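Asker: Let me begin by handing over the structure; questions about it come next.
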Amino acid sequence: MDRRDALRLLTVPAIAPALGVFDFGPPREAADALQPARAVPDVELTLTAAPSEVALLPGAPTRVWRYTASVVRGPASTVQPLPGSYLGPVLHFRRGQKVRVRFENRLPEPSIVHWHGLDVPEAADGHPRLAVDGGRDYVYDFEVVNRAGTYWYHPHPHMRTGAQAYQGLAGVIVVTDPEDDALGLPAGDDALVLVLQDRRFDAKNQLVYANGGTMPGGMGRGGGMGRGGGMGGGMGQMMETMNGWLGDRLFVSGAPRPARSLERRAYRVRLLNGSNARIYKLAWSDGTPFTILGGDGGLLERARVRPFLTLAPGQRADVLLDASVKAAGTAFTLRSVAFPADAVGHVGMMGELSPLPQGSAADLMSFTVRGGPAASLTLPARLCTPPAAWAVSDRAPIRRVPLTFMRMEWLIGGRTFDMADAAPDETVAPGSTHIWEFRNEPNPMGMAMAHPIHVHGTQFRVLSRSGAAANALSEGISDTRATDTVLVLPGETVRVQITFSTYPGLYLYHCHILEHEDMGMMRNFRISAPARG
Ligand code: C2O
Ligand code: CU
Ligand code: CU
């Protein structure tokens, strides 16, 4: 039995205890990590990834890959399907819940699910080395220890994250807790979950992705870099992939430019940028500024008001949409406003090649306000009591992490991905606090790109940005003290203070432009095991 077979065995919970008798290295670690969580969970779900079809555009349906879920144990409201969307259901968890998910991979290739933003044990984090083949299952056990907030789930297989997410595999996780409940913010029908994505289609309404032509017919046969894809799509597509794959049609929660009517009251809007590479500079078309309630890791201490909201791939924001102050009949849109493509940057001599380049103006969703009496909302002055972990540490060691482009490769910390290893400077003690300084350095040709840098299993604090003049995206950036993905603009140095998870093991940090991640702009870090007494 080779290591891969051993990993597969792990996916059958009934025999997992038997794994204790084997000694396979990584699988053994994973098995150990799974053991203690075998208690009866509060919530148990089956999450299936499988090919499907959805009517997205007039004419032929689009072949997609989609997550579906069902509740085996616990509240039926845990799973909220999005009918007509290619997205997976919204999963509603309570802080403190013990969750078990049986992931059923029914795709024609390996996959694994990652719970973006959640602090979970190593075996539950969806590391690519734990990917299971089509037809196999993988069982996750974790406790929801995160604050209330908006998180999400998506695939994380080696070099195929971009292709699989683009096919439709993604979904939102909403975590609630008593502190959030007590604020009385809009909920139920007055809470919207909006996932912003872009896609490209061929004449037959099928998705088109980098170098592979149409998917899913081309899946695994030229889809994506590094998997036999080579130059199938030509030099232009290869350069587009280097810059991150952009669609020319925008979708909100799986629908092209949806419309929604609003009562004259306040709505809580949870935004997720679920795009592979597109950065949005969001605005309300009627000039209303954004009232920002929270970011990746939950609510801010106080709401902040900003004219724009820059949302990079992987990031979330919680905003208030107050329709109580608008006249009946008012129509407006949520849009991404134009910004110079330079604010994102690119590599290659040909400039931006995509049909809808970064920084293009586009409407995302339309709203109209209905008649009727207005019900206004007074926001609480304080949205949360800041957790102790948010305080600035004056003794955290500082590590420099350059983000660079060399010899046609994106590097993070001067290296590319290595499945099994973490370097000494990537090894930290459980629960320890470090400052990592992401330095977005131009290459010798003077070219650099904006990179949304994501660290698994933690919410970190953005301490500072320096080194580059503010550009058109800076004015919308809402840095917080609980972030898991931070946008580092070309030339910029962003310092963050990270308190790592207390769970030991191998975790990932990477650029959340999924093509950069798949090309190797990703590394492991190791949370060392506590010394055993
Ligand atoms: Cu959202 Cu490692 O990813
Ligand atoms: Cu993540
Ligand atoms: Cu990047």
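The values are calculated or read from the model by the stated rules, or taken from the named source; none is laboratory data. What you are looking at is a predicted structure, and each value in this text was computed from that prediction instead of being measured. All Cβ positions, glycine included, derive from the backbone under ideal geometry; neighbour counts span all protein chains shown. We work out accessible area using only protein heavy atoms, side chains counted, and drop any ligands, DNA or RNA first. Shrake-Rupley method; radii C 1.70, N 1.55, O 1.52, S 1.80 Å.
Asker: Show the residue pairs that are 6+ apart or on different chains and have beta-carbon atoms under 7 Å apart, the first residue being within the range 240-251 and touching a residue at least 60 places away in the same chain (Cβ under 8 Å) and more than 24 Å from W410 (Cβ to Cβ), the second being open to solvent by 20 Å² or more (accessible area, probe 1.4 Å) and in a helix (DSSP H, G or I).
Answerer: Every condition considered, no pair remains.
Asker: Just the residues that are over 22 Å from the mean Cα position of the chain (by Cα) and touching a residue at least 40 places away in the same chain (Cβ under 8 Å), please, taken from the range 399-422.
Answerer: F405, M408, E409, R415, A420, D421, A422 - these are the residues of the range 399-422 that are over 22 Å from the mean Cα position of the chain (by Cα) and touching a residue at least 40 places away in the same chain (Cβ under 8 Å).
Asker: Separate question: Does G236 qualify as being more than 16 Å from ligand 2 (Cβ to nearest atom), at negative phi, surrounded by 20 or more Cβ atoms within 10 Å (Cβ to Cβ) and at pLDDT below 95?
Answerer: Spelling it out, it is not the case that G236 is more than 16 Å from ligand 2 (Cβ to nearest atom), at negative phi, surrounded by 20 or more Cβ atoms within 10 Å (Cβ to Cβ) and at pLDDT below 95.
Asker: Looking only at the range 371-389, decide whether some residue is in contact (Cβ under 8 Å) with a residue 60 or more places away in the chain, closer than 30 Å to N524 by Cα and among the basic types (K, R).
Answerer: The answer is no; no qualifying residue exists.
Asker: V90 versus (1) more than 16 Å from ligand 2 (Cβ to nearest atom); (2) over 22 Å from T483 (Cβ atoms): which is the lone unmet condition?
Answerer: That leaves (2) as the condition not met.
Asker: A further question on this structure: Take the conditions of a type in the set (V, I, T), within 16 Å of ligand 2 (Cβ to nearest atom), over 17 Å from W410 (Cβ atoms) and touching a strand residue (DSSP E or B) at 6+ places or on another chain (Cβ under 6 Å) and apply them to T480. Does it pass? Give the steps one after another, and end with the answer.
Answerer: Working: of a type in the set (V, I, T): yes; within 16 Å of ligand 2 (Cβ to nearest atom): no; over 17 Å from W410 (Cβ atoms): yes; touching a strand residue (DSSP E or B) at 6+ places or on another chain (Cβ under 6 Å): yes.
When the stated conditions are applied, T480 does not pass them.
Asker: Report those strands (runs of 3 or more DSSP E) wholly inside the range 400-480 carrying at least 3 residues which are open to solvent by less than 50 Å² (accessible area, probe 1.4 Å), at pLDDT 95 or above and within 16 Å of ligand 1 (Cβ to nearest atom).
Answerer: The strands (runs of 3 or more DSSP E) meeting that bar are 451-455.
Asker: Would you say D286 is more than 27 Å from L57 (Cα to Cα) and open to solvent by 30 Å² or more (accessible area, probe 1.4 Å)?
Answerer: Against the criterion (more than 27 Å from L57 (Cα to Cα) and open to solvent by 30 Å² or more (accessible area, probe 1.4 Å)), D286 qualifies.
Asker: When both residues are 6+ apart or on different chains and their Cβ atoms are under 6 Å apart, which pairs have a first residue that lies in the range 450-466 and is within 16 Å of ligand 3 (Cβ to nearest atom), and a second that is open to solvent by 10 Å² or more (accessible area, probe 1.4 Å) and of a type in the set (S, T, N, Q)?
Answerer: So the pair list comes out empty.
Asker: Report, by residue number, each residue of the range 356-376 that is farther than 30 Å from M449 by Cα and buried (at least 16 other Cβ atoms within 10 Å of the Cβ).
Answerer: S366, F367, V369, A374
Asker: For the range 519-531, does any single residue satisfy the condition of being without any contact (Cβ under 8 Å) to a residue 12 or more places away in the chain, away from ligand 3 (no atom under 16 Å from the Cβ) and either open to solvent by 10 Å² or more (accessible area, probe 1.4 Å) or closer than 26 Å to G126 by Cβ (or both)?
Answerer: Yes: one or more hits.
Asker: Related question: Assuming F142 fulfils every condition listed in (1) within 16 Å of ligand 2 (Cβ to nearest atom); (2) open to solvent by 30 Å² or more (accessible area, probe 1.4 Å) apart from one, which condition is it?
Answerer: Only one criterion is unmet by F142, namely (2).
Asker: Would you list the strands (runs of 3 or more DSSP E) that sit entirely within the range 292-344 and hold 3 or more residues that are open to solvent by 10 Å² or more (accessible area, probe 1.4 Å) and more than 19 Å from L196 (Cα to Cα)?
Answerer: 298-306
Conditions (1) surrounded by 23 or more Cβ atoms within 10 Å (Cβ to Cβ); (2) of a type in the set (S, T, Y); (3) within 13 Å of ligand 1 (Cβ to nearest atom); (4) in a loop (DSSP other than H, G, I, E, B), marked per residue:
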{"position": "G491", "(1), (2), (3), (4)": "no, no, no, yes"}
{"position": "V494", "(1), (2), (3), (4)": "yes, no, no, no"}
{"position": "Q497", "(1), (2), (3), (4)": "no, no, no, no"}
{"position": "Y503", "(1), (2), (3), (4)": "no, yes, no, yes"}
{"position": "Y507", "(1), (2), (3), (4)": "yes, yes, yes, no"}
{"position": "H510", "(1), (2), (3), (4)": "yes, no, yes, no"}
{"position": "E517", "(1), (2), (3), (4)": "yes, no, yes, no"}
